[in-house]
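The values are calculated or read from the model by the stated rules, or taken from the named source; none is laboratory data. Since this is a predicted model, take the numbers as computed values, not measurements. Note that each Cβ is placed from the backbone with ideal geometry, even for glycine, and that neighbours are counted across all protein chains shown.
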Amino acid sequence: MSAKQIIRKRFLQSALAISCLFRPAISEAKDREEPKPNVIYINADDLGWADLSCQGSAFYKTPHIDRLTSQGMFFTNAYAPAANCAPSRACCLTGQFTPRHGIYTVGGSDRGKAKDRKLIPTKNQTVLDDKQITIAEVLKDAGYVTCHIGKWHLGDDPRTQGFDFNIAGCHWGTPAGGGYHSPYNYPNCEQKQKGEYLTDRLGSEAVKFIENNKNKPFFLHFATYAVHVPLQGKAELIDKYKKETPSEAHKNPEYAAMIHSLDENVGRIMAKLDDLDLARNTLVIFSSDNGGVWKISKQWPLRAGKGSFFEGGIREPMVMRWPAKIKPGGKCHVPISGIDFFPTILEATGTGNPEGKILDGVSLMPLLTQTGSIPERPIFWHFPIYLQGGNPETRDRKFRTRPGSVVRYGDWKLHEYFEGGELELYNLKHDIGEKNNLANTNPEKTKELHDMLKAWRKETGAPVPSELNPEYKP
């Protein structure tokens, strides 16, 4: 029996004892004879913080996501746990920071030209280890029907990680099965005829899954490929946005068309919940895996974009809706992260955490129900590798990020870079664009956050590269 199977067996054997952690929520549900809530986690790909009309964009049109935001609680200081696809997804699904699962980026860690890399980066993992327990596995053991639709990017098949059904998910990080326009061929999602748009097809599959499982508690991970490159929108929508008035930050009609299709299919899923009278007892989480691509869509006033640990690369639009528990129209300014999804779903569903499973996040239920608060705590990011493709808003033009760690605590955010030991301190309350480095003028706060960062790295065993690269040419 594998270690993972042993943990799951112990979890099932001790579920009753563990469930006492959530006894008030369970007792209340039983008293009112309410069924377990359904859970839908919508994870958009590369959708930036500023890429919604409710976030101030006059070019992009997102009425359905805007409506969803008005119906639940919107988090103004929400973060992805990483600045690019695979590590962010691994963190959200396991509830753990990157050092615990070793997925730091997409592909190899030595990206960019060797002559520009001062250090030998930490080796990267590209597949989520089967020993890792995901939220899908825990919910499946608790009686939920589980389904993954769309981008997986953590291995060959999400069914090895707790999903009963997989549609279009494999190791691909982009629409490699033929793009967004058919003919295409994705796992369990094939269309040989021309004329079908992938985002619409995935939306149809989500609606079908909800319909087929309306009488059971279900967990749907709707991880659409949109709006990841290649830029391929529907022709009629591209024409529509060519007629719209662009801004300096948002002006690409093809990207706008892709956002439009994403929004329409979020609307279709919400409409199906309404049609089946499931909306009241369904927890919907909407977010993105990282920031927008800087060359395509600026996230101003945030700095930089995908791949960077400045705010434009990690701050996300995030909303949670659950009409049975969450009042509509709320806004929460407490900093939160995608690592909080796992413990939040556990408490919302009255499900115990498996014995031995470490969770780095906290349940957001006190904030969502406005019945309490969560402890002020630091949020961490760790990136001991290189990611090429810098732009005018990153630290240099060669890399979006060089090896380093980041921590946010309260209004303060500290960046540490391992190549030269540089520290950058920003007060996000007064400088959301991270333009004024206060590390030298506020040494006390710099030391406080740096000590916090070093202690966290020691606790999690986060690797810090130090070996010099012999091919480096300064």
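Tabulated data for the structure shown
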| item | result |
| --- | --- |
| Candidates 435, 429, filtered to the one that is touching an Asp or Glu at 6+ places or on another chain (Cβ under 9 Å) and either modelled with pLDDT under 95 or under 18 Å from residue 312 (Cβ atoms) (or both) | 429 |
| Hits in the stretch 228-248 - residues which are hydrophobic (A, V, I, L, M, F, W, C) and within 23 Å of the chain's Cα centre (by Cα) | 229, 231 |
| Residue check for residue 420: of a type in the set (Gly, Ala, Ser), assigned by TED's automatic domain parsing to the domain that holds residue 385, out of contact with any Ser or Thr (no Cβ under 7 Å at 6 or more places or on another chain) and over 23 Å from residue 104 (Cα atoms) | no |
| Count of residues meeting criterion [within 24 Å of the chain's Cα centre (by Cα) and assigned to a strand (DSSP E or B)] in the stretch 402-426 | 13 |
| Count of the stretch 317-353 residues which are crowded, with 24+ Cβ neighbours inside 10 Å and either of a type in the set (Asp, Glu) or outside the structural domain of residue 69 (by TED's automatic domain parsing) (or both) | 1 |
| Verdict on residue 413 being touching a helix residue (DSSP H, G or I) at 6+ places or on another chain (Cβ under 9 Å), surrounded by 14 or more Cβ atoms within 10 Å (Cβ to Cβ) and not assigned by TED's automatic domain parsing to the domain that holds residue 97 | yes |
| Among the candidates 379, 432, 374, residue that is of a type in the set (Val, Ile, Thr) and crowded, with 20+ Cβ neighbours inside 10 Å | 379 |
| Some residue of the stretch 307-315 being aromatic (Phe, Trp, Tyr) and either outside any loop (DSSP other than H, G, I, E, B) or surrounded by 23 or more Cβ atoms within 10 Å (Cβ to Cβ) (or both) | yes |
| The stretch 177-218, residues that are within 24 Å of the chain's Cα centre (by Cα) and small (Gly, Ala, Ser) | 177, 179, 203, 204, 206 |
| Among (1) touching a His at 6+ places or on another chain (Cβ under 8 Å); (2) in a helix (DSSP H, G or I); (3) farther than 23 Å from residue 361 by Cα - the single one residue 149 does not satisfy | (2) |
| Residue match in the stretch 70-81 (condition: of a type in the set (A, V, I, L, M, F, W, C) and surrounded by fewer than 19 Cβ atoms within 10 Å (Cβ to Cβ)) | no |
| Residue 116 surrounded by fewer than 24 Cβ atoms within 10 Å (Cβ to Cβ), out of contact with any Pro (no Cβ under 7 Å at 6 or more places or on another chain) and either over 30 Å from residue 417 (Cβ atoms) or modelled with pLDDT under 95 (or both) | no |
| Filtered residues of the stretch 222-275 (kept if without any contact (Cβ under 8 Å) to a residue 40 or more places away in the chain and closer than 30 Å to residue 37 by Cβ) | 271, 274, 275 |
| Top-ranked residue of the stretch 92-146 - restricted to ones that are under 28 Å from residue 187 (Cα atoms), part of a loop (DSSP other than H, G, I, E, B) and among the hydrophobic types (A, V, I, L, M, F, W, C), ranked as farthest from the chain's Cα centre (by Cα) | 142 |
| Among the candidates 356, 350, residue that is within 28 Å of residue 136 (Cβ to Cβ) and modelled with pLDDT of 95 or more | 350 |
| Verdict on residue 386 being surrounded by fewer than 19 Cβ atoms within 10 Å (Cβ to Cβ), not acidic (Asp, Glu) and not assigned by TED's automatic domain parsing to the domain that holds residue 363 | no |
| Of the criteria (1) part of a loop (DSSP other than H, G, I, E, B); (2) in contact with a Gly (Cβ under 7 Å, 6 or more places away or on another chain), which one residue 358 fails | (2) |
| First in the stretch 81-108 and within 16 Å of residue 41 (Cα to Cα), second anywhere and of a type in the set (Asp, Glu) and crowded, with 24+ Cβ neighbours inside 10 Å, Cβ under 6 Å, 6 or more apart | 85/289; 88/289; 89/289 |
